[in-house]
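Okay, so here's the structure we're looking at.
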Amino acid sequence: MALYLIGIDIGTQGTKGQIFDADLNALATAFEESKLIQPEPGTTWQEADDIYGSVIRVIKSLTEKSGCKGTEVAAISIDSQMAGIMGIDKDGEASTYYDSWLDTRCKEYVKLVKERAEERYITLTGSPVSFTHGPKILWWKKEHPDAYNKTTAFVLPHTYVVGKICGLKGSESYFDWTHLQYSGFADNQNKVWSDELTETFDLAKEKLPRIVSPFEIVGKTTSEFAAQTGLSAGIAVAAGAGDTAASVLGAGLFQDAQILDCAGTASVLCCTVDSYSPDIKHKTMIMMRSPEDGHFFPLTYINGGGLTLRWFRDNFTGKPPLSYKTLEAECETLPPGSEGLIFIPHFTGRVFPSNPKLKGSFTGLDLRHGTAHMFRSIMEGISYEYAYYLSILRDLYPKSNFRSMTAIGGGASSELFLQIKADVLDLEVIRTEVGDTALVGSAAIAGYGAGILSDYRAAINKTIRNKPPIVCNQIHHEKYKPAAKKYLETIKTVSDLY
């Protein structure tokens, strides 16, 4: 009998799923767009029922498209958005909505954490203070005490969904270790909840669930799940991981000092290392645990960085909007630096280092600038921010030789965008033909956790087919150096204004 694995990714823009055979060959794909609720600037959430329903419908679609029998699916793993949080009650039902990572209403609690224990917070959690779980949980406690008191555990979206499809109670919930850096209350290095942080911020420690490996099988699917999806009851379900952690794993970054560009809704830059080095100095880099114990993925990101390209295309290129391919063709011949135009991509504030009042902007506009200049400057602005991130990685890990970067996500399909990054960063950019590496990573987690895959590294590596690399144009790199410096100076200047 054939055995299949299902990987599900609960992303910001939608829920995507793939069904794989035991060699991690994808057999079918399904997608459902997210329902983001954004009534005013700085406010973003998702209803828990919408998230759960999307997962059920995507799995049902996978079953129908693949034609696999319900009894042939051996394991499921789900990954999800990482920096947001939600609550569940004693029955495992939602006690809050999903407080998105895009939501900035907890800014006063970001300030409180900084004032009370910023350095200890960074040292223990491995993350600078920003709009992540810690300040969000404190916001729920102070601003919505009824929901807080009803909450048995604060969990991730995939934890909630896994609990629903496995019939887990609130007391049986869990928190996989790839999220500890965002938790606000963890001793990340030792994989335990921190008494020091929970006491400092007067948080009820019992509202923090047990910490587990992403590979742990935490339950099995119920008969209700079987009726909803067409699969079987009793399918093993792994704890799962964060979407970025699953993406990095699925991209095959197993060697020290490999860099990864996750060019999706957020613009994420990370690397692989085998030591814990919290960024106390710059307050920019986050120490995310790998699904593999003992390894870390230091990372940071532009909140909604990838969305800025879609924002510009949809609002400023006509009706219907121009295609990305057309826009790239128009700006491809422009000189590095877009003739003095600088774009700041931080529409909802700079996440790391935390600067919540910063906004997006174009500066240096001239009458010669047009649509092409502006579109190119968006790609360059994201690349300048990456250059800043890379300088911090080199400061934290001076012995590491960062010379190449693997690109994944929607932005990796743009050869021009990758060439700009290569030229700004002075790195070789490796393009992989793997589709959605988060789904590959999640399927590998499911397969290994259930004992279907004995060597998930080898299985993942077999799925990777690299295209010819993009190399840095040194002439362009020299021209980008002053522009990257001007970008940082512009951020400082407009920060004072805002």
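Numbers at a glance
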{"read-out": "Of A444, N149, G318, farthest towards positive along the dipole that unit charges on Lys, Arg, Asp, Glu beta carbons give the chain", "value": "G318"}
{"read-out": "Region 234-340 - convex hull of alpha carbons, volume per residue in Å³", "value": "190"}
{"read-out": "The chain, accessible surface, carbon-and-sulfur percent (1.4 angstrom probe)", "value": "49"}
{"read-out": "Gain in span if fully extended, K111 to T43, counting 0.36 nm per residue against the direct Cα distance", "value": "22.7 nm"}
{"read-out": "Environment charge at E292 (Cβ cut-off 11 Å; Lys +1, Arg +1, Asp -1, Glu -1)", "value": "0"}
{"read-out": "Spin-label model distance (nm) - K492 vs D395, 7 Å beyond Cα toward Cβ", "value": "1.3"}
{"read-out": "Environment charge of E108, counting only residues whose C-beta is closer than 10 Å and scoring Lys/Arg +1, Asp/Glu -1", "value": "+3"}
{"read-out": "Protection proxy ranking, peptides 280-291, 307-318, 384-395, average beta carbon neighbours within 10 Å, highest first", "value": "280-291, 384-395, 307-318"}
{"read-out": "Accessible area, probe 1.4 Å, largest first, for residues K481, K421, K65, K325", "value": "K325, K65, K481, K421"}
{"read-out": "At 1.002 mPa s and 20 °C, Stokes diffusion of the chain via Kirkwood alpha-carbon radius, µm² per second", "value": "94"}
{"read-out": "Helical mean residue ellipticity (222 nm; -39500 (n - 2.57) per DSSP H run of 4+; nearest 500) of the chain", "value": "-12000 deg cm²/dmol"}
{"read-out": "Per residue, in Å², the accessible surface of region 75-118 once ligands and nucleic acids are set aside, probe 1.4 Å", "value": "31"}
{"read-out": "Solvent exposure of region 308-438 as accessible area per residue, Å², 1.4 Å probe", "value": "40"}
{"read-out": "FRET efficiency, E206 to L27 (Cβ-Cβ, R0 45 Å, nearest 0.05)", "value": "0.60"}
{"read-out": "Residue order for E172, E332 - accessible surface, 1.4 angstrom probe, largest first", "value": "E332, E172"}
{"read-out": "Shape box of region 296-432 [Cα atoms, principal axes, largest first, Å]", "value": "48, 35, 25"}
{"read-out": "Probe 1.4 Å, protein heavy atoms only - accessible area per residue of region 180-247 in square angstrom", "value": "35"}
{"read-out": "Charge sum, other residues only, whose C-beta stays under 15 Å from N401's C-beta, Lys/Arg counted +1 and Asp/Glu -1", "value": "-2"}
{"read-out": "Centroid-to-centroid separation of region 437-498 and region 79-145 [C-alpha atoms, Å]", "value": "26"}
{"read-out": "Nearest-10 value in Å² for the accessible area of E199, using the 1.4 Å probe", "value": "140"}
{"read-out": "Whole-Hz ³J(HN,Hα) from phi, Karplus 6.51 cos²θ - 1.76 cosθ + 1.60, for region 268-283, glycine and proline x", "value": "10, 10, 8, 8, 10, 9, 10, 9, 9, 9, x, 8, 6, 5, 9, 6"}
{"read-out": "Where the Cα pairs of region 214-290 fall when distances are cut into 10 Å bins, in %", "value": "16, 34, 25, 18, 7, 0"}
{"read-out": "Eligible aspartates and glutamates near K325 by straight Cα distance, threshold 16 Å, same-chain separation 8 or greater", "value": "D314, E415"}
{"read-out": "Above-threshold pairs, the threshold being 21 Å between Cα atoms, out of K114/K399; K65/K467; K142/K205", "value": "K114/K399; K65/K467"}
{"read-out": "Relative pair counts by distance (%), Cα atoms of region 387-498, 10 Å bins", "value": "12, 29, 31, 18, 7, 1"}
{"read-out": "Relative intensity, log₁₀ I(q)/I(0), of region 1-124 from a Debye sum that treats every alpha carbon as a point, q = 0.14, 0.17, 0.19, 0.23 Å⁻¹", "value": "-0.74, -0.92, -1.03, -1.25"}
{"read-out": "Taking N as its residue count, the alpha carbon Rg of region 169-252 over 2.2 N^0.38 Å", "value": "1.33"}
{"read-out": "Alpha carbon centroid spacing (whole Å) that separates region 27-76 from region 185-225", "value": "24"}
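The values are calculated or read from the model by the stated rules, or taken from the named source; none is laboratory data. If you're wondering where the values come from, they're calculated on a predicted model, not measured in any experiment. Using ideal geometry, Cβ is built from the backbone for each residue, glycine included, and neighbour counts are taken over all protein chains shown. Keep in mind that these areas ignore ligands, DNA and RNA; they rest on the heavy atoms of the full protein, side chains included. Shrake-Rupley method; radii C 1.70, N 1.55, O 1.52, S 1.80 Å.
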